[in-house]
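J.: There's a structure below that I have some questions on.
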Amino acid sequence: MSKTLRGALWMGGAVLSFCAMAIAARQLLKHLGTFEILFFRTAVALLIVLAFALRTGIATLRTRRFGLHLWRNGVHLGGQASWVYAIGALPLATVFAIEFTSPIWTAVLAVLFLGEHMNRGRAVMLALGLAGVLVILRPGLGVFQPAALVMLAGSLFFAIQFIGTKKLSATESPMAVLFWMSVIQT
C-alpha cells in the first residue's frame, strides 16, 4: 500500500472518529455532564496510549518539559470542554463551522509566537477562510447564541494548544505528548 493511500485512509478514519465522537457526545450529554464525558474520553485514550507504549517502550514516555505539558493540556482541556458544551447547545454544522476557525487562529499565533512569516498569499487565504466561516454562521441574521462564543473560545484554545504541541514536538516523542495529555486531562 502506498504512503499516499495509507495517509488518506488514516485521514478518513480520523474524520469518521471525530464524527462519531460528536454524535456520542451529543447523546451522552443527555445523561452525563461535560467533564464526566471528558474523563471517560481521556481515560480510554490513556489505556490506548499505554497499550502502544508497552509496544514501543516506556522510555518513549519520558519528558523534560512537564510544565509545558501541563500548560498545553490545561488549554486543550478548555478547548475540549468548550467543544462538548457547544455540541449540546448548537447545531453540529454551527459547531464545526466555528471549529474551522482553529487553523486561522493557529496561523496568526504561529506568526506571533513561533516566528513564522505571513505573506500576502497566506493573509488572503486566512481572510477567505474567515469569510467562509462568517457565511456559514451568518452573524446578525438570526438569534445570537452565547454558546457560539463558547465554541469560538474553544477554537482559540485549540489553536493555542497546537502551538504548544509544535513546541513540544521539538524535544518530545509523539507517544510522550499523547501520554502526558491523557494523564493530565484524566
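J.: Can we say E116 is under 12 Å from the mean Cα position of the chain (by Cα), open to solvent by less than 80 Å² (accessible area, probe 1.4 Å) and either under 30 Å from Q27 (Cβ atoms) or of a type outside the set (K, R) (or both)?
T.: Criteria not met by E116.
J.: Return the pairs, sorted by first residue and then second, in which the second residue is part of a helix (DSSP H, G or I) and of a type in the set (A, V, I, L, M, F, W, C), the first residue lies in the range 24-35 and is closer than 11 Å to A89 by Cβ, the beta carbons are less than 6 Å apart, and the residues are 6+ apart or on different chains.
T.: Close Cβ pairs (under 6 Å, with a partner that is part of a helix (DSSP H, G or I) and of a type in the set (A, V, I, L, M, F, W, C)) amount to R26/I87; T34/A81; T34/V84.
J.: Given (1) at pLDDT below 90; (2) under 17 Å from the mean Cα position of the chain (by Cα); (3) open to solvent by 50 Å² or more (accessible area, probe 1.4 Å), identify the lone condition not met by V143.
T.: Every listed condition holds for V143 apart from (2).
J.: Kindly state which helices (runs of 4 or more DSSP H) lie completely within the range 38-113 and contain at least 3 residues that are of a type in the set (S, T, N, Q), closer than 17 Å to A159 by Cα and in contact with a strand residue (DSSP E or B) (Cβ under 9 Å, 6 or more places away or on another chain).
T.: Details: elements: 66-89, 92-99, 102-113.
So the answer is none; nothing clears 3.
J.: Would you say G33 is more than 19 Å from H76 (Cα to Cα) and either exposed (fewer than 12 other Cβ atoms within 10 Å of the Cβ) or not aliphatic (A, V, I, L, M) (or both)?
T.: Criteria not met by G33.
J.: Open to solvent by less than 60 Å² (accessible area, probe 1.4 Å) and within 17 Å of the chain's Cα centre (by Cα): does that describe L46?
T.: So L46 passes the test.
J.: A further question on this structure: Anything in the range 52-84 that is buried (at least 20 other Cβ atoms within 10 Å of the Cβ) and among the aromatic types (F, W, Y)? List them, or say none.
T.: W83
The values are calculated or read from the model by the stated rules, or taken from the named source; none is laboratory data. For clarity, every value in this text was computed on a predicted model and none was experimentally measured. Reconstructed Cβ throughout: ideal geometry from the backbone, glycine too, with neighbour counts over all protein chains shown. What goes into the accessible areas is simple: the full protein's heavy atoms, side chains included, and nothing from ligands, DNA or RNA. Shrake-Rupley method; radii C 1.70, N 1.55, O 1.52, S 1.80 Å.
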